[in-house]
Amino acid sequence: MMRCGQALNAALHEIFERDERVYLLGEDLLDPYGGAFKISQGLSTKWPERVLPTPVSEASIFGITAGLALRGYRPILEIMFGDFVTLGLDQVVNGIAKFRAMFDDRVTVPLVVRTPMGARRGYGPTHSQSLEKLLIGVPGITVVTPSECHDLGAMLTEAVADDEPVFFVENKVMYGRPNRRPEGGRIGELACHEGEGRYPALTFSGNGFGPSDATIVTYGGMLPVALDAATELILEHEVFTEVVALGRILPLDLEPVLDSLGRTGSLVSLEEGTLTGGVGAELAARVQAEAWSALDGPVLRVATRDGIVPSARSLEDEALPGVEDVVAAVTAVGTRVGG
Amino acid sequence: MGRQEQAGTAPSRAGTDERALYERMALIRRFEETLLELFAAGELHGTTHTCIGQEADAVGVISCLEPERDVVVSNHRCHGHYLAFTDDVDGLLREVMGRVGGVCGGKGGSQHLFAGNFYSNGVLGSTVPVAAGMALAEREKGSGAVATVFVGDGTLGQGVVYESLNIASLWRLPLLVVVEHNGYAQSTPSTLQLAGDVESRARAFGVATSRHDTTDVLEVQAAAREAVEHVRSTGTPYFLVLDTYRFSPHSKGDDFRDPEEIAARRLRDPLTVAAGLLGDDERDEITEAVERRVADAVQEALGAPFAATEAAAR
């Protein structure tokens with residue numbers, strides 16, 4: 001089974017092979033280095049003219065990528081750490097996200113920003129964040145959040161083919177983990193349903209999508225935590241949950257959440273970003289407006305504690321949400337089938 | 001080489017003879033004076049940044065470009081560049097007035113314009129890397145196009161300008177950066193904004209540069225021609241600094257400069273300088289024609305409905 005990083009790298013090679021409008025910009029891309037996380041390895045050797053190693057100038061390279069996209073190319077920008085997206089946010093907020101709408105729908109900005117978010121590697125406060133919350137507040141972009149169980153290659157290919165600007169948010173820990181795909185509708189012990197569309201959600205169930213106690217909605221690198229929590233809830237508490245791994249958080253893909261909620265009645269969100277103003281907050285607001293009567297109780301959010309992500313492993317673990325936090329939240333929202 | 005020989009054939013390009021240059025500058029002047037009048041009369045919503053006094057830059061530089069091929073990226077003070085490049089009085093006027101027929105459907109307004117190869121955006125400096133990316137795209141296509149980005153001296157405070165100059169030089173991008181140095185960043189004089197000298201900033205990155213203190217459109221045109229030829233023939237960037245002056249406020253009513261300073265600069269009004277090359281009759285004829293053109297456009301725009309909300313739903 002391919003590791004997630006390998007799957008992304010293989011997809012990039014295919015994308016480059018197929019479409020000569022695709023360029024890659026970013027820092028430290030050249031072989032043998034091939035990008036800080038090696039996802040771009042081999043590209044600069046095969047397509048030296050389309051792989052552009054840049055200076056350490058995020059503000060500028062976001063803009064250059066936008067200029068390429070506005071003039072007919074399909075550039076991919078690799079931002080070495082998701083934390084550094086902040087350096088290019090003016091380009092995102094005041095340019096990339098707005099050009100199409102403010103120019104009366106007569107231009108498109110088909111670019112992809114690939115960037116790894118997430119902690120658990122001890123990189124400390126400025127190299128461990130999950131800043132998706134900054135992105136979901138920017139109308140006009142698409143934020144794609146593959147997990148280790150998604151078809152990573154297909155999603156990246158779709159992102160490059162997308163006429164909208166796409167943030168393709170990867171996860172550092174995910175790179176080294178196997179890209180586990182559903183086989184016969186299952187991944188391991190769990191049933192797994194893959195949704196429709198370019199960036200489908202995956203929904204997991206421990207009881208074949210029968211009535212369950214709660215839905216855990218998550219994305220990206222937190223999926224393994226959610227699945228471990230779901231397993232523990234079954235084994236230790238006889239509580240059945242569904243886990244929804246969103247493939248796209250902007251525009252928020254609500255349909256698979258509401259679908260699952262119809263079988264569970266309770267909702268817990270799980271994200272690696274800090275709690276306040278995060279993806280869970282948006283999800284809770286939307287779900288209560290759309291499906292108030294389907295909810296048995298309040299939506300609870302599990303997230304990283306508001307504050308920094310410390311470097312020391314013990315402190316990092318304490319700040320980040322873990323299996324026990326998810327179990328506690330699911331238990332707290334109440335159960336209507338099991339426990 | 002005679003000036004006439006520089007002319008291209010694209011119909012929307014500013015003419016390269018004195019009459020056409022003057023006519024284009026007079027059009028921009030009258031257009032923007034009209035905007036200020038419309039604001040005063042309560043007919044406009046939002047804001048505007050006029051380039052009254054700086055028209056020779058827009059007209060002189062853009063007369064050296066080919067609108068069918070070259071790309072222009074402008075800033076918040078973009079009306080002069082837009083009119084010089086497109087001659088689209090109706091589209092711009094209606095855009096600023098929020099009426100049906102605006103070039104961006106009323107969504108962009110004064111600072112955010114797009115038509116053909118023309119783009120503008122409102123955050124200072126952000127436009128420079130975008131223009132560099134466009135220059136890269138055109139280089140890769142082999143179109144031979146030059147991407148020109150207009151900035152002001154205030155924009156030289158933005159770090160992204162230097163990141164982009166570095167990359168433009170390193171990657172050999174066909175990028176022309178035009179600095180319209182009017183001595184003010186909004187209300188703050190450049191003495192409080194800029195250390196060192198401006199051209200050295202380009203030289204530090206190995207970017208060719210020159211600086212011209214003139215309001216003579218023919219001199220601006222000659223300087224721009226050299227700059228554009230440099231970019232087109234070498235495929236490398238150029239940093240063209242044009243000293244100029246804005247007679248009008250930064251925006252609408254926010255001018256605190258010494259009136260004597262403004263009066264002194266008015267003696268070098270680019271329209272007066274250019275009019276000196278024409279006969280009185282010719283000048284009056286142009287003035288009248290331009291006034292009529294703008295007045296007619298205003299009348300028609302005032303009769304047009306406001307931008308439809310469904311068009312802005314995106």
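Do we find that B:HIS45 is away from chain A (no Cβ under 12 Å), closer than 30 Å to B:ALA222 by Cβ and not polar (S, T, N, Q) in this structure? Outline the logic, then answer.
Numbers: away from chain A (no Cβ under 12 Å): yes; closer than 30 Å to B:ALA222 by Cβ: no; not polar (S, T, N, Q): yes.
So B:HIS45 fails the test.
Using beta carbons and a limit of 6 Å, which pairs, at least six apart or on different chains, have the first residue in region A:46-61 and under 13 Å from A:ASP31 (Cα atoms) and the second one assigned to a helix (DSSP H, G or I)?
Every condition considered, the pairs that remain are A:TRP47/A:PHE16; A:VAL51/A:LEU43; A:VAL51/A:SER44.
Polar (S, T, N, Q) and in contact with a Pro (Cβ under 8 Å, 6 or more places away or on another chain): is that true of B:SER169 in this structure? Walk me through it before giving the result.
Working: polar (S, T, N, Q): yes; in contact with a Pro (Cβ under 8 Å, 6 or more places away or on another chain): yes.
The answer is yes for B:SER169.
Evaluate region B:101-121: report whether one residue or more is among the β-branched types (Val, Ile, Thr) and farther than 24 Å from B:ARG30 by Cβ. Give the derivation first.
Taking region B:101-121 as the starting set, the residues that turn out to be among the β-branched types (Val, Ile, Thr) are B:103.
Those still in the list that are farther than 24 Å from B:ARG30 by Cβ too: none.
No, that holds for no residue.
Rundown of residues vs (1) surrounded by 24 or more Cβ atoms within 10 Å (Cβ to Cβ); (2) without any contact (Cβ under 8 Å) to a residue 24 or more places away in the chain; (3) under 26 Å from A:ALA119 (Cβ atoms), yes/no style:
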residue: A:ALA214; (1), (2), (3): yes, no, yes
residue: A:GLY220; (1), (2), (3): yes, no, yes
residue: A:VAL225; (1), (2), (3): no, no, yes
residue: A:GLU238; (1), (2), (3): no, no, no
residue: A:ASP253; (1), (2), (3): no, no, yes
residue: A:THR264; (1), (2), (3): yes, no, no
residue: A:SER269; (1), (2), (3): yes, no, yes
residue: A:ALA291; (1), (2), (3): no, no, no
residue: A:LEU320; (1), (2), (3): no, no, yes
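Within region A:203-318, which helices (runs of 4 or more DSSP H) (wholly inside it) include 3 or more residues that are over 19 Å from A:HIS193 (Cβ atoms)?
Values: elements: A:223-237, A:255-264, A:279-291.
Qualifying helices (runs of 4 or more DSSP H): A:223-237, A:279-291.
Could you figure out which of (1) among the hydrophobic types (A, V, I, L, M, F, W, C); (2) touching a strand residue (DSSP E or B) at 6+ places or on another chain (Cβ under 6 Å); (3) more than 9 Å from every other protein chain (Cβ to nearest Cβ) isn't true of A:ILE39?
The failed condition is (2).
How many of the residues making up region B:86-119 are under 19 Å from B:LEU36 (Cβ atoms) and outside any helix (DSSP H, G or I)?
4
Out of the residues in region B:120-131 that are within 9 Å of another protein chain (Cβ to nearest Cβ) and not in a loop (DSSP other than H, G, I, E, B), state the one that is farthest from B:PRO174 (Cα to Cα). If you could, list the steps in order and put the result at the bottom.
Within region B:120-131, the first condition is being within 9 Å of another protein chain (Cβ to nearest Cβ), and the residues that meet it are B:121-123, B:125-131.
This time we only want the ones that are not in a loop (DSSP other than H, G, I, E, B), so: B:127-131.
Details: B:THR127: 15, B:VAL128: 13, B:PRO129: 12, B:VAL130: 13, B:ALA131: 10 Å.
Filtering first and then ranking leaves B:THR127.
If I filter region A:99-113 for residues that are under 17 Å from A:LYS133 (Cα atoms) and hydrophobic (A, V, I, L, M, F, W, C), do I get at least one hit?
The first filter runs over region A:99-113 and keeps only residues under 17 Å from A:LYS133 (Cα atoms), leaving A:113.
This time we only want the ones that are hydrophobic (A, V, I, L, M, F, W, C), so: A:113.
Yes, because at least one residue in region A:99-113 is under 17 Å from A:LYS133 (Cα atoms) and hydrophobic (A, V, I, L, M, F, W, C).
Limited to region B:146-169, what total is found for residues that are facing another protein chain (nearest Cβ under 7 Å) and closer than 11 Å to B:PRO237 by Cα?
3
Residue check, B:ARG265 against (1) over 21 Å from B:PHE39 (Cα atoms); (2) of a type outside the set (Asp, Glu); (3) modelled with pLDDT of 95 or more, all met but one. Which one?
(3)
Does A:GLU164 count as within 24 Å of A:ASP83 (Cα to Cα) and over 16 Å from the mean Cα position of the chain (by Cα)? Reasoning before the result, please.
Details: within 24 Å of A:ASP83 (Cα to Cα): yes; over 16 Å from the mean Cα position of the chain (by Cα): yes.
Taking the combined requirement at face value, the residue satisfies it.
In region A:97-115, which residues are part of a helix (DSSP H, G or I) and either under 20 Å from A:GLU170 (Cα atoms) or within 7 Å of chain B (Cβ to nearest Cβ) (or both)?
Keep residues of region A:97-115 that are part of a helix (DSSP H, G or I), which gives A:99-102.
Result: A:ALA101, A:MET102.
So that you can scan it fast, the table gives a plain yes or no per residue for (1) charged (D, E, K, R); (2) at negative phi; (3) assigned to a helix (DSSP H, G or I):
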residue: B:THR148; (1), (2), (3): no, yes, no
residue: B:LEU156; (1), (2), (3): no, yes, yes
residue: B:TYR162; (1), (2), (3): no, yes, yes
residue: B:THR191; (1), (2), (3): no, yes, yes
residue: B:GLY196; (1), (2), (3): no, no, no
residue: B:HIS212; (1), (2), (3): no, yes, no
residue: B:GLU219; (1), (2), (3): yes, yes, yes
residue: B:ALA227; (1), (2), (3): no, yes, yes
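Can you tell me which of A:GLY137, A:GLY88, A:GLY153 is over 25 Å from A:ARG18 (Cβ atoms), away from chain B (no Cβ under 14 Å), out of contact with any strand residue (DSSP E or B) (no Cβ under 6 Å at 6 or more places or on another chain) and of a type in the set (Gly, Ala, Ser)? So that I can check it myself, show each step before the final result.
Values: A:GLY88 fails: away from chain B (no Cβ under 14 Å); A:GLY153 fails: over 25 Å from A:ARG18 (Cβ atoms).
Checking each option against the conditions leaves just A:GLY137.
Return yes when A:ALA119 is at pLDDT 95 or above, over 30 Å from A:ARG177 (Cα atoms) and either within 14 Å of another protein chain (Cβ to nearest Cβ) or crowded, with 21+ Cβ neighbours inside 10 Å (or both) and no when it is not. Before you say what the answer is, go through the steps one by one.
Working: at pLDDT 95 or above: yes; over 30 Å from A:ARG177 (Cα atoms): no; either within 14 Å of another protein chain (Cβ to nearest Cβ) or crowded, with 21+ Cβ neighbours inside 10 Å (or both): yes.
No: the conditions fail for A:ALA119.
Would you please list the contacts, defined by Cβ atoms under 7 Å and residues six or more apart or on different chains, that run from a residue in region B:269-295 that is farther than 19 Å from B:ARG246 by Cα to a residue that is of a type in the set (Asp, Glu)?
Hits for this filter: B:LEU277/B:GLU18; B:LEU278/B:GLU18; B:ILE286/B:GLU23; B:VAL290/B:GLU23.
Exactly one condition in (1) surrounded by 24 or more Cβ atoms within 10 Å (Cβ to Cβ); (2) more than 19 Å from the chain's Cα centre (by Cα); (3) not aliphatic (A, V, I, L, M) is not met by B:PRO129; state its number.
So B:PRO129 meets the others, but not (2).
If you check A:GLY184, A:GLY206, which single one turns out to be touching a strand residue (DSSP E or B) at 6+ places or on another chain (Cβ under 7 Å) and more than 18 Å from A:THR145 (Cβ to Cβ)? Walk me through how you get there before you give the answer.
Numbers: A:GLY184 fails: touching a strand residue (DSSP E or B) at 6+ places or on another chain (Cβ under 7 Å).
One residue alone meets the criteria, A:GLY206.
Does region A:52-68 contain at least one residue that is away from every other protein chain (no Cβ under 11 Å), out of contact with any Cys (no Cβ under 9 Å at 6 or more places or on another chain) and of a type in the set (A, V, I, L, M)?
Just the residues of region A:52-68 that are away from every other protein chain (no Cβ under 11 Å), to begin with: none.
No; the residues of region A:52-68 include none that is away from every other protein chain (no Cβ under 11 Å), out of contact with any Cys (no Cβ under 9 Å at 6 or more places or on another chain) and of a type in the set (A, V, I, L, M).
Could you tell me whether any residue of region B:132-145 is touching a residue at least 12 places away in the same chain (Cβ under 8 Å), over 18 Å from B:PHE239 (Cβ atoms) and at the interface with chain A (Cβ under 8 Å from one of its Cβ atoms)?
Yes, region B:132-145 contains a residue that is touching a residue at least 12 places away in the same chain (Cβ under 8 Å), over 18 Å from B:PHE239 (Cβ atoms) and at the interface with chain A (Cβ under 8 Å from one of its Cβ atoms).
Run B:VAL241 past the list (1) outside any helix (DSSP H, G or I); (2) among the β-branched types (Val, Ile, Thr); (3) more than 19 Å from the chain's Cα centre (by Cα) and report the number of the one that doesn't hold.
(3)
Going through region A:1-27 one residue at a time, which ones are among the acidic types (Asp, Glu) and touching a Ser or Thr at 6+ places or on another chain (Cβ under 9 Å)?
At the first step, the residues of region A:1-27 found to be among the acidic types (Asp, Glu) are A:14, A:17, A:19-20, A:27.
If the condition is that a residue be among the acidic types (Asp, Glu) and touching a Ser or Thr at 6+ places or on another chain (Cβ under 9 Å), then A:GLU14, A:GLU27 are the ones that fit.
I'd like the full set of residues that are surrounded by fewer than 23 Cβ atoms within 10 Å (Cβ to Cβ) and in contact with a helix residue (DSSP H, G or I) (Cβ under 6 Å, 6 or more places away or on another chain), limited to region A:81-99.
A:PHE84, A:LEU87
Please determine, by comparing only the residues of region B:95-115 that are touching a strand residue (DSSP E or B) at 6+ places or on another chain (Cβ under 9 Å), hydrophobic (A, V, I, L, M, F, W, C) and more than 9 Å from chain A (Cβ to nearest Cβ), which one is surrounded by the fewest Cβ atoms within 10 Å (Cβ to Cβ).
B:VAL100
The values are calculated or read from the model by the stated rules, or taken from the named source; none is laboratory data. Just so it is clear, the model here is predicted, and its values are computed rather than measured. We place every Cβ from the backbone using ideal geometry, glycine too, and count neighbours over all the protein chains shown.
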